[in-house]
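Trainee: Sharing a structure here in structure tokens format.
The values are calculated or read from the model by the stated rules, or taken from the named source; none is laboratory data. All values derive from a computational prediction rather than experimental measurement. Here the Cβ positions follow ideal geometry from the backbone for every residue, glycine too, while neighbour counts run over all protein chains shown. What goes into the accessible areas is simple: the full protein's heavy atoms, side chains included, and nothing from ligands, DNA or RNA. Shrake-Rupley method; radii C 1.70, N 1.55, O 1.52, S 1.80 Å.
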Amino acid sequence: MSAAMLSLDSLLASPVSMEEMRAKLEGGGCSSSACGSSAKPDDVPQAVWDKIKDHPCYSEEAHHYFARMHVAVAPACNIQCNYCNRKYDCANESRPGVVSEKLTPDQAMRKVITVANEVPQLSVLGIAGPGDSCYDWKKSKATFEAVAREIPDIKLCLSTNGLALPDHVDEIADMNVDHVTVTINMVDPEVGTRIYPWIFHNHRRYTGYEAARILHERQMLSLEMLRDRGILVKVNSVMIPGINDDHLVEVNAWVKERGVFLHNIMPLISAAEHGTHFGLTGQRGPTAMELKALQDKLDGGAKLMRHCRQCRADAVGLLGEDRGQEFTLDQLPEEVAYDPAKRVAYREVVAHERGDHVAKKQEVETEIRALGVEGKLLVAVATKGGGRVNEHFGHAREFQVYEATPKGITFVGHRKVDTYCLGGFGEDATLDGVIAALEGVEVVLCSKIGDCPKDSLKAAGIRATDQYALEYIEAAIGALYAAEFGHAVTDRKLALSA
């Protein structure tokens with residue numbers, strides 16, 4: 001185990017001074033600037049890497065280390081989506097548009113400073129509603145301007161349906177907001193009529209085909225305007241079986257033509273208790289394997305984001321966790337002052353860790369290619385961050401899924417689950433749900449697992465092991481892949497020598 005991991009954990013567990021952290025880093029023989037730069041992928045220009053390297057949504061690698069927070073300052077919305085009901089809220093579920101409390105820009109500023117002081121991983125502030133950030137523009141703009149003055153290094157990011165976006169692109173560029181997410185579910189207005197009952201544009205409500213046509217045209221204009229100003233764009237698309245699942249291939253082609261940096265295909269969430277039109281009419285969401293099949297079909301098109309967690313509009317923390325309930329208004333101090341020390345120290349430690357992590361990933365991929373064998377392995381990993389196998393099976397709220405092939409190891413998605421272990425006791429019904437969520441997975445890696453759940457997984461055709469606890473995820477999967485397919489190399493050598 002590397003010293004960097006211990007330093008990272010100790011920083012999160014208790015206060016550590018910048019001087020102590022720097023001493024540990026120097027003792028490890030690695031400068032943070034050198035290690036940090038080595039994490040840049042070869043196919044990403046330096047200017048783009050500088051924008052995404054600490055953004056957990058725009059960089060799959062960064063999501064292991066950095067956190068985002070959303071502030072719910074924009075409640076008004078100018079469209080109705082059949083998958084949305086912003087009146088419903090449960091603190092235990094994650095769904096776009098959901099919040100427990102709405103904030104004024106001043107309240108949001110107080111919350112951002114409090115979180116920045118307490119959550120050293122914080123790197124991004126986003127506004128994602130609970131309505132539309134561009135339709136409720138005055139509140140969004142006031143919040144961003146206040147935060148930029150107080151915490152200038154924090155990245156500003158907004159999510160929007162795109163209808164009002166063209167009216168504010170110049171202001172967005174002037175405020176150095178260099179990440180914008182646009183939700184685009186169709187490029188054919190006929191498809192749009194089944195998703196959007198109405199829009200509100202230029203002081204008038206539109207319905208049917210005309211509503212979908214106007215929305216489509218405004219969304220495409222938004223992408224072109226953002227591209228021309230050098231602003232990175234992520235497009236979110238909700239996969240709705242029987243309505244736009246096949247059509248999303250066309251959406252992917254359209255957004256690629258307009259320079260979109262990432263395309264994120266999200267599964268429809270349509271539980272009846274949410275009170276959405278789709279939920280109440282029985283429209284199902286896709287299975288995990290249906291989602292993966294569509295993502296695989298889009299390989300070669302616009303680059304896909306596969307690590308999205310469909311965050312709440314008031315989410316706080318790493319992707320896959322939500323600490324929002326720790327920072328409700330009644331828990332915030334009345335007077336706050338920003339202290340950058342903890343965030344600065346954390347970034348230095350992460351720079352060291354990332355360099356070590358990337359070097360290990362490159363080493364593992366070289367070893368896999370050197371095997372010269374054909375074989376695929378779908379692996380689910382229980383992790384609580386840092387890019388390591390470091391979560392107990394029974395404590396996992398999600399599993400990150402990777403696919404190992406002769407080309408290397410690729411992150412392909414995540415599977416949300418209910419925690420199996422409750423006070424030390426597992427519940428059979430919950431374990432059945434976990435097994436169902438792991439459809440298609442062949443092996444589960446975790447830091448610890450009991451015999452009973454391991455046997456239940458084995459009966460379902462899923463192997464589970466804690467043999468690789470605390471290893472880097474890619475290193476663990478690489479060792480597993482070599483153990484699984486390495487015998488083919490030995491058999492081939494024996495055959496050749498015979």
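Trainee: List the lysines whose Cα lies under 16 Å from the Cα of LYS139, skipping any in the same chain that are fewer than 8 positions away.
Mentor: Partners found: LYS102, LYS111.
Trainee: List the pair-distance distribution P(r) of the stretch 192-235, using every Cα-Cα distance, as the percent of pairs falling in each 10 Å bin from 0 up to the bin containing the longest distance, rounded to whole percents.
Mentor: Per 10 Å bin, starting at zero, the Cα-Cα P(r) for the stretch 192-235 comes out as 27, 41, 28, 4 percent.
Trainee: Amide H of GLY413 versus every other amide H placed in the peptide plane: which residues, excluding those fewer than 5 positions away on the same chain, fall under 5 Å?
Mentor: Those lying under 5 Å, H to H, from GLY413 are VAL401.
Trainee: Mind giving me the nanometre distance, one decimal, between the label points for LYS458 and ARG204, set 7 Å out from Cα along Cα→Cβ?
Mentor: Distance between the two pseudo-spin positions: 6.9 nm.
Trainee: Further, regarding this structure: Based on DSSP H runs of at least 4 residues, each adding -39500 (n - 2.57), what is the mean residue ellipticity at 222 nm of the chain after dividing by all its residues, to the nearest 500 deg cm²/dmol? Don't skip to the end; give the middle numbers.
Mentor: Numbers: 16 runs with 194 residues, N = 498.
About -12000 deg cm²/dmol.
Trainee: Next question, about the same structure. Counting DSSP beta bridges in the chain, what percent are antiparallel, to the nearest 5? The partial results should precede the final answer.
Mentor: Numbers: 25 of 58 bridges.
So the antiparallel bridges amount to about 45 percent of the total.
Trainee: Further question on the same structure: Note down the nm distance, to one decimal, between modelled labels 7 Å out along Cα→Cβ at ARG229 and at THR328.
Mentor: Output for this residue pair reads 3.7 nm.
Trainee: 7 Å from Cα along Cα→Cβ at both THR465 and ASP174: what's the point-to-point distance in nm?
Mentor: Roughly 5.9 nm, to one decimal.
Trainee: Kirkwood Rh over alpha-carbon pairs of the chain, then Stokes-Einstein at 37 °C and 0.692 mPa s: what D in µm² s⁻¹, rounded to an integer? Before the final figure, lay out the partial values.
Mentor: Values: Rh = 23.8 Å.
Estimated diffusion coefficient is 138 µm²/s.
Trainee: Rank by packing, highest mean first: peptides 463-469, 236-242, with packing defined as the count of other Cβ atoms within 10 Å averaged across residues. Please report the intermediate quantities before stating the final value.
Mentor: Details: 463-469: 17.3, 236-242: 20.4.
Going from most to least packed, we get 236-242, 463-469.
Trainee: How long are the semi-axes of the ellipsoid equivalent to the stretch 147-254, from square roots of 5 times the Cα gyration tensor eigenvalues, in whole Å, largest first? Walk me through the numbers before you get to the answer.
Mentor: Numbers: eigenvalues 149, 51, 27 Å².
After diagonalising the Cα gyration tensor, the semi-axes are 27, 16, 12 Å.
Trainee: Still on this model: Averaged per residue, what accessible area in Å² does the stretch 122-195 show with a 1.4 Å probe, protein chains only? Display every interim value, and only then the final one.
Mentor: Working: 2360 Å² over 74 residues.
Heavy-atom SASA per residue in the stretch 122-195 reads 32 Å².
Trainee: Quick one: what do you get for the stretch 239-376 if you divide its Cα Rg by 2.2 N^0.38 Å? Walk me through the intermediate numbers first.
Mentor: Details: Rg = 21.0 Å, N = 138, 2.2 N^0.38 = 14.3 Å.
Cα Rg divided by the expected 2.2 N^0.38 Å: 1.47.
Trainee: What is the extension gain from LYS407 to ASP299, computed as 0.36 nm multiplied by their sequence separation minus the C-alpha to C-alpha distance, in nm to one decimal?
Mentor: 37.5 nm
Trainee: Residue farthest toward the positive end of the dipole of the stretch 66-331, with Cβ of Lys/Arg at +1 and Asp/Glu at -1: which of ILE240, PRO120, VAL316?
Mentor: Of the listed residues, the answer is ILE240.
Trainee: Relative to the longest principal Cα axis of the chain, at what angle does helix 137-150 sit, 0 to 90 degrees, rounded to 10?
Mentor: Tilt of helix 137-150: around 50 degrees.
Trainee: Counting only DSSP beta bridges with both residues in the stretch 66-331, what percent are antiparallel, rounded to the nearest 5?
Mentor: 25 percent
Trainee: Got a number for carbon plus sulfur as a percent of the chain's accessible area, 1.4 Å probe?
Mentor: On the way: 10670 of 21290 Å².
Ligands and nucleic acids excluded, carbon and sulfur give 50 percent.
Trainee: Next up: Rounded to the nearest 0.05, what FRET efficiency is calculated for ALA142 and VAL344 with R0 set to 22 Å and r the Cβ-Cβ distance? Intermediate results must be reported in sequence, preceding the final value.
Mentor: On the way: r = 27 Å, r/R0 = 1.23.
About 0.20, to the nearest 0.05.
Trainee: What is the extension gain from ARG369 to LYS256, computed as 0.36 nm multiplied by their sequence separation minus the C-alpha to C-alpha distance, in nm to one decimal? Walk me through the numbers on the way to the answer.
Mentor: Details: separation 113, 0.36 × 113 = 40.68 nm, distance 2.99 nm.
Extending this stretch completely gives an extra 37.7 nm.
Trainee: Mind running the shape call on the stretch 357-484? Use the C-alpha gyration tensor, a ≥ b ≥ c as the square roots of the eigenvalues: rounded below 1.5 for a/c, prolate if a/b tops b/c, oblate otherwise.
Mentor: Details: a/c = 2.22, a/b = 1.75, b/c = 1.27.
Judged from the Cα gyration tensor, the stretch 357-484 comes out prolate (a/c at least 1.5, a/b above b/c).
Trainee: Over the heavy atoms of ASP42, what accessible area does a 1.4 Å probe trace out, to the nearest 10 Å²?
Mentor: 150 Å²
Trainee: Over the alpha carbons of the stretch 133-187, what is the largest minus smallest coordinate on each principal axis, giving the biggest first in Å?
Mentor: Result for the stretch 133-187: principal-axis Cα extents of 39, 19, 16 Å.
Trainee: Rolling a 1.4 Å sphere over the protein heavy atoms, what is the accessible area per residue of the stretch 267-389, to the nearest Å²? Spell out each step's value before the answer.
Mentor: Numbers: 5300 Å² over 123 residues.
Per residue, the stretch 267-389 has 43 Å² of solvent-accessible surface.
Trainee: Also: Over the alpha-carbon set of the stretch 66-331, divide Rg by the Kirkwood Rh and report the Rg/Rh ratio to two decimals. Intermediate results must be reported in sequence, preceding the final value.
Mentor: Details: Rg = 17.5 Å, Rh = 18.6 Å.
For the stretch 66-331, the value is 0.94.
Trainee: Relative to a virtual label point 7 Å from the Cα of ALA47 in the Cα→beta-carbon direction, which members of the stretch 252-281 show backbone nitrogen distances below 16 Å?
Mentor: What the label zone holds, given the 16 Å backbone N cut-off, is 259-261.
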